[in-house]
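So the structure is just underneath, and the comments pick up after that.
The values are calculated or read from the model by the stated rules, or taken from the named source; none is laboratory data. Just so it is clear, the structure is predicted and the values come from calculations on it, not from any experiment. Here the Cβ positions follow ideal geometry from the backbone for every residue, glycine too, while neighbour counts run over all protein chains shown.
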């Protein structure tokens with residue numbers, strides 16, 4: 001992509017209204033645009049990051065479930081059935097806009113903040129006997145929650161992107177086995193996103209059904225909204241706000257001997273048990289033709305939230321620093337003005353591919369602004385084409401995150417750049 | 001994908017509430033599930049079709065615009081600015097759900113049915129001078145319209161998927177030039193979807209700004225909601241409900257000499273002119289530093305609507321018949337019971353690839369039901385593995401849509417099947 005033709009521009013100063021580091025940085029970089037507090041549009045650079053995060057999540061989910069796309073609107077009756085129409089205090093409702101349409105259709109709908117109320121009766125319609133179970137289905141889509149406060153940028157939105165997986169089982173044992181598979185799947189996802197080393201399975205509240213605990217995945221983050229007790233040796237953590245001294249006894253751990261550190265939740269897995277299947281009277285016939293209740297689990301990852309966490313976690317004083325797997329582009333090509341730089345840059349752009357390179361080909365910007373923007377945008381590898389470098393018949397290769405020492409690559413070896421970077425790192 | 005492990009099942013009879021042919025067929029096939037009239041969930045098979053349609057649309061759009069993802073929620077003020085808060089009678093509004101959250105945040109938002117109110121101020125924030133124009137950006141996302149009646153299945157939804165492209169220009173001439181490019185892009189899309197021969201550029205209403213006409217793309221459909229005057233020789237059509245005798249004079253055509261035929265709108269392109277830029281006071285500075293108004297165009301394709309149109313258009317009395325480019329799978333592998341059929345089918349499944357084959361490996365179904373389901377699901381090529389065929393060391397290859405005469409392919413030549421089908425067609 002050529003920066004001269006980019007939809008967005010970097011922004012020098014952003015509104016004081018944007019309080020969180022991730023919203024400020026992503027807005028300055030032209031990745032996102034706030035429409036309402038907690039409601040963002042994704043501009044081309046931001047959508048590329050979001051798509052890469054969601055592709056990683058999808059590739060793991062496809063191993064354990066079928067992808068669906070559930071409706072955003074739900075009949076209120078479904079939420080009444082589960083008793084959550086009143087208990088979920090962030091629930092949006094939608095209804096016809098003006099006098100005219102209200103006369104024609106005045107029905108009020110729920111704008112789903114989560115999809116148990118849709119997926120449970122849907123799966124129920126296809127399941128008669130034990131032969132039809134287990135079932136696991138997931139989706140990646142926009143969700144709505146009318147948060148009272150929405151000042152954490154992408155980390156807590158009124159409108160946000162989420163992957164939600166739901167599983168349905170003949171027994172608690174089968175649910176538990178799948179639950180462990182989901183855990184592994186989540187670990188693979190966070191590793192692939194570049195968060196593996198700093199993300200910990202965290203004991204959280206037990207929920208409505210089981211004496212076992214549900215789990216969150218917490219990523220260490222200086223401004224994270226949670227505090228966890230962490231045992232780095234075992235990689236196990238406990239959400240400080242949730243666990244009690246009694247839990248410590250039950251779990252056989254001593255919180256006082258553990259590290260206390262700030263973190264941000266990046267995923268959760270939750271054994272729902274019979275809560276929703278009971279509400280919808282969802283049962284199956286076992287081998288003997290007897291009615292049995294269906295066990296359920298749900299498993300969430302906020303993909304836009306992850307984008308905010310990653311932006312904030314790796315940023316430095318100069319701007320964003322994207323992990324390679326989710327960077328909008330692999331290379332940021334900077335063309336300083338001078339003889340031959342544009343022509344050589346065009347060759348490099350073609351060699352590496354427009355889909356891999358963000359090319360700063362702007363003719364009205366000086367070196368200072370170009371370097372500043374490159375650091376702000378946080379693309380992992382910067383390539384500098386300058387008259388001085390061209391005199392040496394070479395391009396300078398720089399790591400935005402300090403993964404390798406800067407080096408020069410001869411122009412005729414640009415096609416082998418990826419390999420050289422791996423070696424240098 | 002193995003049918004024995006499929007999320008959905010074919011459904012013998014569907015609710016009388018589903019009035020449209022597309023909703024009935026897609027529900028029977030387990031492609032979609034109605035949640036509310038006009039609101040559907042996409043099950044794995046349906047999501048595959050929708051994704052393929054959207055990938056075709058995206059690949060053409062990427063040639064003329066940047067992809068973004070705009071927010072679904074909008075501040076009411078934006079819609080007040082354009083005067084459409086009251087005039088768009090299908091507009092949904094969303095607000096906090098219960099007593100608790102209403103106390104915290106009682107703001108009412110608009111749930112966008114279209115995105116001029118978001119994209120215009122967004123592009124405005126990045127555009128100062130003529131150097132920053134033209135800009136073209138598109139998105140593919142869920143839209144909301146509180147239709148009074150929603151009885152046409154995917155063809156008119158309260159919640160639906162849509163591609164919307166918006167363009168911004170320094171002059172009417174530049175807008176017109178882009179408008180022609182968009183037209184070509186649309187024609188390429190409908191051709192790629194398998195609708196090329198039956199889709200016509202149709203003169204529709206002139207809109208608010210220009211004496212020129214806006215255009216719809218109309219696909220011939222027996223139960224289409226529109227009627228058009230069609231001149232097949234030139235490929236030009238006129239929306240009968242919109243054009244007048246005066247238009248005929250202006251355009252120099254004689255409607256009485258044209259074919260009158262039913263069709264369904266599959267896309268529209270619209271020169272917005274200055275309507276929205278005036279509302280938002282969106283101007284740019286020209287070469288002389290003088291303020292000039294920004295010209296806009298908008299270009300829509302309902303991707304879920306397209307799925308409904310295509311489903312309905314090609315269906316026959318046995319069920320769905322998907323065009324190859326958007327079929328959920330290329331092959332429907334039917335394993336009749338008998339010695340060796342399962343093992344040979346497994347080999348074929350591996351050879352052709354799980355992503356290309358829907359394998360009916362159900363052990364509790366007879367041949368009749370399997371053939372019936374294959375015809376209902378409408379996957380273009382059926383492969384029949386039966387004891388009788390295996391005795392000949394071959395598989396039977398059948399076209400669902402009658403594109404070629406059935407033939408036998410030797411087991412060892414299954415890897416070259418695609419080529420043989422092209423030859424036979």
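Table: residues versus (1) at pLDDT 95 or above; (2) in contact with a helix residue (DSSP H, G or I) (Cβ under 6 Å, 6 or more places away or on another chain); (3) on the phi > 0 side of the Ramachandran plot.
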| site | (1), (2), (3) |
| --- | --- |
| A:188 | yes, yes, no |
| A:200 | yes, no, no |
| A:204 | no, no, no |
| A:212 | no, no, no |
| A:227 | yes, no, no |
| A:236 | no, no, no |
| A:239 | no, no, no |
| A:247 | no, no, no |
- Item | Selection from the range B:312-344 of residues that are touching a helix residue (DSSP H, G or I) at 6+ places or on another chain (Cβ under 9 Å), assigned to a loop (DSSP other than H, G, I, E, B) and under 22 Å from residue B:155 (Cβ atoms) | B:315, B:318, B:320, B:321, B:322, B:323, B:327, B:328
- (1) more than 25 Å from residue A:186 (Cα to Cα); (2) facing chain B (nearest Cβ under 8 Å): which one isn't true of residue A:32, the others all being true? (2)
- Sort through A:161, A:149, A:156 and tell me the only one that's over 14 Å from the mean Cα position of the chain (by Cα) and either more than 18 Å from residue A:274 (Cβ to Cβ) or more than 14 Å from chain B (Cβ to nearest Cβ) (or both). A:149
- Task: Please state which of the following conditions residue A:141 fails to meet, knowing it meets all the rest: (1) under 26 Å from residue B:145 (Cα atoms); (2) assigned to a helix (DSSP H, G or I).
- Result: (2)
- Checklist (1) buried (at least 19 other Cβ atoms within 10 Å of the Cβ); (2) in a loop (DSSP other than H, G, I, E, B) applied to residue B:383, failing item: (2)
- In this structure, is residue A:168 within 30 Å of residue A:27 (Cα to Cα), modelled with pLDDT of 95 or more and surrounded by 20 or more Cβ atoms within 10 Å (Cβ to Cβ)? no
- Message: Just checking, does the range B:17-26 include any residue being at pLDDT below 95, away from chain A (no Cβ under 11 Å) and touching a strand residue (DSSP E or B) at 6+ places or on another chain (Cβ under 8 Å)?
- Response: yes
- Message: With more than 8 Å from every other protein chain (Cβ to nearest Cβ) and in contact with a strand residue (DSSP E or B) (Cβ under 9 Å, 6 or more places away or on another chain) as the only criterion, which of B:45, B:70, B:91, B:85 stands out?
- Response: B:45
- Looking only at the range A:192-203, count how many residues are out of contact with any strand residue (DSSP E or B) (no Cβ under 8 Å at 6 or more places or on another chain) and within 18 Å of residue A:165 (Cβ to Cβ). 2
- Item | All positions within the range B:354-380 that are within 14 Å of chain A (Cβ to nearest Cβ) and part of a loop (DSSP other than H, G, I, E, B) | B:354, B:355, B:361, B:362, B:363, B:364, B:365
- Checking residue A:39 against (1) more than 11 Å from residue A:328 (Cβ to Cβ); (2) facing chain B (nearest Cβ under 9 Å); (3) out of contact with any strand residue (DSSP E or B) (no Cβ under 6 Å at 6 or more places or on another chain), the condition it does not meet: (3)
- Task: Confirm whether residue A:397 is more than 17 Å from residue A:356 (Cα to Cα), over 26 Å from the mean Cα position of the chain (by Cα) and not in a helix (DSSP H, G or I).
- Result: no
- Message: Condition first: within 28 Å of the chain's Cα centre (by Cα) and buried (at least 20 other Cβ atoms within 10 Å of the Cβ). Now tell me which residues in the range B:331-366 satisfy that.
- Response: B:331, B:332, B:333, B:352, B:357, B:358, B:359, B:360
- Query: Of the residues A:86, A:17, which is within 24 Å of the chain's Cα centre (by Cα), more than 26 Å from residue A:194 (Cα to Cα) and surrounded by fewer than 19 Cβ atoms within 10 Å (Cβ to Cβ)?
  - Reply: A:17
- Query: How many residues, within the range B:400-412, are more than 27 Å from residue B:49 (Cα to Cα) and either within 29 Å of the chain's Cα centre (by Cα) or assigned to a helix (DSSP H, G or I) (or both)?
  - Reply: 2
- Using the structure shown, decide if residue B:376 is crowded, with 21+ Cβ neighbours inside 10 Å, in contact with a helix residue (DSSP H, G or I) (Cβ under 7 Å, 6 or more places away or on another chain) and closer than 19 Å to residue B:8 by Cβ. no
- Note on the structure: Those strands (runs of 3 or more DSSP E) completely within the range A:264-311 that have 1 or more residues that are buried (at least 21 other Cβ atoms within 10 Å of the Cβ) and modelled with pLDDT of 95 or more are A:283-285, A:295-301
- Whichever residue in the range A:116-138 is assigned to a loop (DSSP other than H, G, I, E, B) and more than 9 Å from every other protein chain (Cβ to nearest Cβ) and, among such residues, is farthest from residue A:42 (Cα to Cα): A:128
- Report, by residue number, each residue of the range B:53-67 that is more than 8 Å from every other protein chain (Cβ to nearest Cβ) and crowded, with 19+ Cβ neighbours inside 10 Å. B:53, B:54, B:56, B:57, B:60, B:61, B:65
